[in-house]
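Here the structure comes first, spelled out in structure tokens, and everything after it is commentary.
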Amino acid sequence: MDSSPDKKPALSAVTSHSSAPLATGDATIPTLGRFPALDRVTYPSDMRNFSVEQLKQVADELRAETIDAVSTTGGHLGASLGVVELTVALHAVFDTPEDKVIWDVGHQAYPHKILTGRRDRIRTLRQPGGLSGFTRRSESTYDPFGAAHSSTSISAGLGMAVAHHLRAEEDPSYRERSVIAVIGDGSISAGMAYEAMNNAAVAGPGAERLIVILNDNEMSIAPPVGAMSNYLSRLMSSRKFMGLRELAGKVVKKLPAPVERTARKADEYARGMITGGTLFEELGFYYVGPVDGHDLPQLVAILRNLRDTDNGPILLHVITEKGHGYRPAEKAGDKYHAVAKFNVVTGEQKKGPSGPPSYTSVFARELVRRAATDDRITAVTAAMPSGTGLDAFAKSYPDRFFDVGIAEQHAVTFAAGMATEGLRPFCAIYSTFLQRAYDQVMHDVVLQKLPVRFAIDRAGLVGADGATHAGAFDLAYLGCLPGMTLMAPSDEVELLHMTATATEFDEGPIGLRYPRGGGLGLDLPAKGQVLEIGKGRIIREMGRQAGGEKGGIAILSLGPRLAEALKAADMLAAHGLPPTVADARFAKPIDVELVENLARNHAVLITLEEGSIGGFGTQVGHHLARTGLLDNVRFRPLTLPDIFIDHNSQDAQYEQAGLTAPHITKTALSALGIGDMLPMNLPNSSTGTKS
Ligand SMILES: Cc1ncc(C[n+]2csc(CCOP(=O)(O)OP(=O)(O)O)c2C)c(N)n1
């Protein structure tokens with residue numbers, strides 16, 4: 001067995017980085033000096049001449065460094081700990097960044113970041129202005145593809161592999177290179193992964209350089225579900241770990257074509273006889289595995305063999321343990337998938353301040369309560385039972401709860417099918433992930449007027465997960481669909497009512513979108529009430545003002561920004577301009593009567609929402625324009641700005657977005673033409689900077 005790692009020369013791209021190599025005493029790396037092997041690695045090229053023993057030391061230290069860093073930032077720990085050995089082996093064997101390593105989702109890429117020139121910034125992970133919690137092209141040449149939504153890696157990798165080959169003729173420096181997509185057993189449940197695998201074997205020259213590494217830790221966020229997961233377990237248990245001896249007979253190196261074909265045939269025949277072949281082989285992949293993903297010497301040797309073979313596309317089945325090497329994570333039910341800051345010794349996570357119940361839990365509570373007396377209610381999640389609160393539903397009604405795996409498209413059409421049978425399905429999906437099922441929403445649900453209830457969680461800005469997870473667009477992408485009904489609660493009591501309303505609404509598709517985090521701490525009534533569809537409510541009537549009959553300001557808010565609207569109302573009242581404040585409740589259909597009255601009776605009409613341009617304000621503006629009312633009112637729609645907002649605290653994100661009380665106040669005063677007359681130090685609404 002040749003256990004020495006790759007000794008290929010480093011390419012120029014590896015060394016031309018902007019950040020300086022680590023210097024002893026670097027204040028940004030508090031662990032410097034504690035990890036002698038890791039301290040020698042700023043970039044992967046630094047460890048390519050390491051012995052396997054040295055690489056094992058790097059791996060051990062990398063694990064400790066990852067734990068130490070995440071203990072100060074919080075983040076996705078379990079998945080990262082599971083791939084420490086794999087990360088070291090990949091970067092030691094392959095010529096990254098020339099060879100491409102794509103991490104599916106990217107939440108397991110913290111060790112990868114540490115080894116690829118970002119150790120000095122790893123403690124800024126998910127912090128304002130710091131490293132992203134996922135892979136990102138703009139962050140490093142070692143991140144060839146940005147991610148955060150799952151199951152994209154095989155498609156992207158295949159595209160890269162094929163494109164590289166296409167450019168071979170015009171590129172004199174062309175050399176064969178590998179593209180490696182690392183995808184988890186949870187993420188491989190999504191349709192996209194199969195679409196890509198289905199294409200790989202026939203995608204043409206270049207595709208043979210694709211290596212898919214299935215990182216099988218028998219976990220998604222929750223335990224994985226579905227026949228594929230069962231299949232992988234069977235595959236794993238029916239075979240012992242593959243060692244080098246078996247691999248030697250399996251990986252057919254560059255042999256003359258006829259010999260290769262015969263060898264392949266014999267090999268396939270033998271494998272088929274023993275195991276019946278694998279699904280991956282049927283799809284045209286060369287299946288290798290299962291392999292112990294924590295056995296570094298073995299991994300290095302196997303990867304070297306795979307690198308040097310052109311029998312691809314290859315699927316390497318690696319078995320790992322989520323949270324590996326850190327006892328508290330290994331013992332935890334969720335394997336520390338996502339953690340708050342924690343104590344490294346005890347593993348105890350810092351608890352946030354115990355605030356009011358989350359919107360998620362209020363929704364789940366009402367759904368569970370209603371399901372007790374309504375057996376038509378079913379609940380569907382795409383691999384997020386705890387994130388959507390549906391774990392509570394699952395406990396009470398396991399027969400009516402469906403976790404379909406990471407498969408948002410299927411979840412939506414599955415719910416549509418249920419609706420055709422007279423059930424009342426709730427499809428609970430985060431706003432950002434519902435994007436993946438857009439055609440299913442339009443074509444399978446809305447066009448057919450099927451009463452699927454969309455519980456759209458994490459609507460609006462979401463904090464540390466950043467732009468990839470922001471629920472910014474649902475008001476726009478759902479609001480434009482004919483016949484869609486769309487609600488947004490301004491507080492948790494309203495959410496209770498809207499859950500009740502959605503349950504009882506059988507006339508067609510309906511959605512309720514609510515944010516990440518806690519409500520206002522209001523007393524919750526015992527049950528929600530059914531609201532009148534398409535009707536908003538006045539919260540505060542405009543006081544008497546200077547400026548004649550039609551004067552003053554109206555703020556029409558959709559969703560939880562209402563609290564900011566009310567603060568703005570207090571600010572304006574302090575200046576003698578108490579506005580009318582209304583809660584729209586419905587983004588679609590808009591309350592035409594309310595909108596028209598506000599426009600007719602006020603000089604200024606401001607709409608407010610936690611969504612992008614093209615959402616609620618656009619609907620209102622369109623109506624005003626078409627009716628001619630826009631001619632006589634100063635209409636000011638406040639939405640998220642037309643930019644992607646990076647990870648930060650939710651409050652800071654809304655500040656940047658220009659959606660806080662001072663912004664609203666300033667918008668109102670500017671619209672009246674008196675913005676400059678008042679001594680208020682207010683932010684500039686378009687940039688979030690102080691004006
Ligand atoms: C399209 C999409 N849906 C849902 C998620 C939320 N999500 C993030 S990681 C994850 C589990 C991934 O499981 P797996 O691929 O097995 O990786 P592991 O965390 O176990 O290493 C889920 C469901 C997502 N990122 N993208």
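The values are calculated or read from the model by the stated rules, or taken from the named source; none is laboratory data. Just so it is clear, the model here is predicted, and its values are computed rather than measured. Counting neighbours? That spans all protein chains shown, and the Cβs are built from the backbone with ideal geometry, glycine included.
Under the condition of being more than 14 Å from the ligand (Cβ to nearest atom) and either farther than 18 Å from Ala64 by Cβ or of a type in the set (A, V, I, L, M, F, W, C) (or both), the residues counted in the stretch 305-330 number 12.
In the stretch 424-470, the residue that is surrounded by the most Cβ atoms within 10 Å (Cβ to Cβ) out of those that are among the charged types (D, E, K, R) and over 20 Å from Ser187 (Cα atoms) is Asp457.
Here Thr96 fits the description: part of a loop (DSSP other than H, G, I, E, B), away from the ligand (no atom under 16 Å from the Cβ), touching a helix residue (DSSP H, G or I) at 6+ places or on another chain (Cβ under 6 Å) and not aliphatic (A, V, I, L, M). When the criteria are applied in full, Ile377 fails the requirement of being more than 16 Å from the ligand (Cβ to nearest atom), over 21 Å from the mean Cα position of the chain (by Cα) and either surrounded by 23 or more Cβ atoms within 10 Å (Cβ to Cβ) or modelled with pLDDT under 95 (or both). State yes or no: is Arg137 basic (Lys, Arg), assigned by TED's automatic domain parsing to the domain that holds Arg175, more than 22 Å from Met384 (Cβ to Cβ) and part of a helix (DSSP H, G or I)? So Arg137 does not fit the description; no. The set of residues from the stretch 581-597 being within 20 Å of Pro489 (Cα to Cα) and more than 38 Å from the chain's Cα centre (by Cα) comprises just one member, Glu593. Restricting the stretch 175-207 to residues that are in contact with a helix residue (DSSP H, G or I) (Cβ under 8 Å, 6 or more places away or on another chain) and over 18 Å from Ser151 (Cβ atoms), the residue that is surrounded by the most Cβ atoms within 10 Å (Cβ to Cβ) is Ser178.
Checked against the criterion of being part of a helix (DSSP H, G or I) and of a type in the set (A, V, I, L, M, F, W, C), the candidates Met418, Met384 yield just one match: Met418.
Of everything listed in (1) touching a residue at least 40 places away in the same chain (Cβ under 8 Å); (2) assigned to a helix (DSSP H, G or I); (3) within 30 Å of Pro356 (Cα to Cα), the single unmet condition for His410 is (3). Of all residues in the stretch 337-381, exactly one satisfies the criterion of being among the hydroxyl-bearing types (Ser, Thr, Tyr), part of a loop (DSSP other than H, G, I, E, B) and assigned by TED's automatic domain parsing to the domain that holds Phe402, namely Thr373. Pairs linking a residue in the stretch 102-116 that is over 22 Å from Gly159 (Cα atoms) and basic (Lys, Arg) to a residue that is part of a helix (DSSP H, G or I) and more than 11 Å from the ligand (Cβ to nearest atom), with Cβ atoms under 7 Å and 6 or more positions apart or on different chains, are Lys113/Ile122.
Annotation: Lys8 fulfils all but one of (1) modelled with pLDDT of 85 or more; (2) surrounded by fewer than 16 Cβ atoms within 10 Å (Cβ to Cβ); (3) within 21 Å of Ile180 (Cβ to Cβ); the unmet one is (1).
Residue pairs whose Cβ atoms lie under 7 Å apart, sitting 6 or more positions apart in sequence or on different chains, and linking a residue in the stretch 609-626 that is among the polar types (S, T, N, Q) to a partner that is at pLDDT 95 or above and part of a helix (DSSP H, G or I), are Ser612/Ala476; Gln619/Gly479. Scanning the stretch 167-195 for residues that are more than 14 Å from the ligand (Cβ to nearest atom) and under 25 Å from His112 (Cα atoms) returns Arg175, Glu176, Arg177, Ser178, Val179, Ile180. If you go through the stretch 348-374 and pick out every residue that is crowded, with 19+ Cβ neighbours inside 10 Å and modelled with pLDDT under 95, you end up with 0. Against the criterion of being within 16 Å of the ligand (Cβ to nearest atom), assigned by TED's automatic domain parsing to the domain that holds His91 and touching a Phe, Trp or Tyr at 6+ places or on another chain (Cβ under 6 Å), Val212 does not qualify. Hey, any hits in the stretch 351-359 for a residue that's basic (Lys, Arg) and out of contact with any Gly (no Cβ under 8 Å at 6 or more places or on another chain)? Checked against the condition, which is being basic (Lys, Arg) and out of contact with any Gly (no Cβ under 8 Å at 6 or more places or on another chain), the stretch 351-359 yields at least one hit. Hey, can you tell me all the residues within the stretch 550-565 that are among the charged types (D, E, K, R) and either in a loop (DSSP other than H, G, I, E, B) or within 16 Å of Leu486 (Cβ to Cβ) (or both)? Lys550, Arg561, listed by residue number. A Cβ distance below 6 Å, combined with a sequence gap of six or more or placement on separate chains, defines the contacts here; from the stretch 168-181, residues that are within 28 Å of Asn215 (Cα to Cα) reach residues that are of a type in the set (Asp, Glu) and surrounded by 10 or more Cβ atoms within 10 Å (Cβ to Cβ) in the pairs Arg177/Glu98; Arg177/Asp99; Ser178/Asp99.
The lone criterion from (1) in contact (Cβ under 8 Å) with a residue 40 or more places away in the chain; (2) closer than 26 Å to Pro525 by Cα left unmet by Val368 is number (1).
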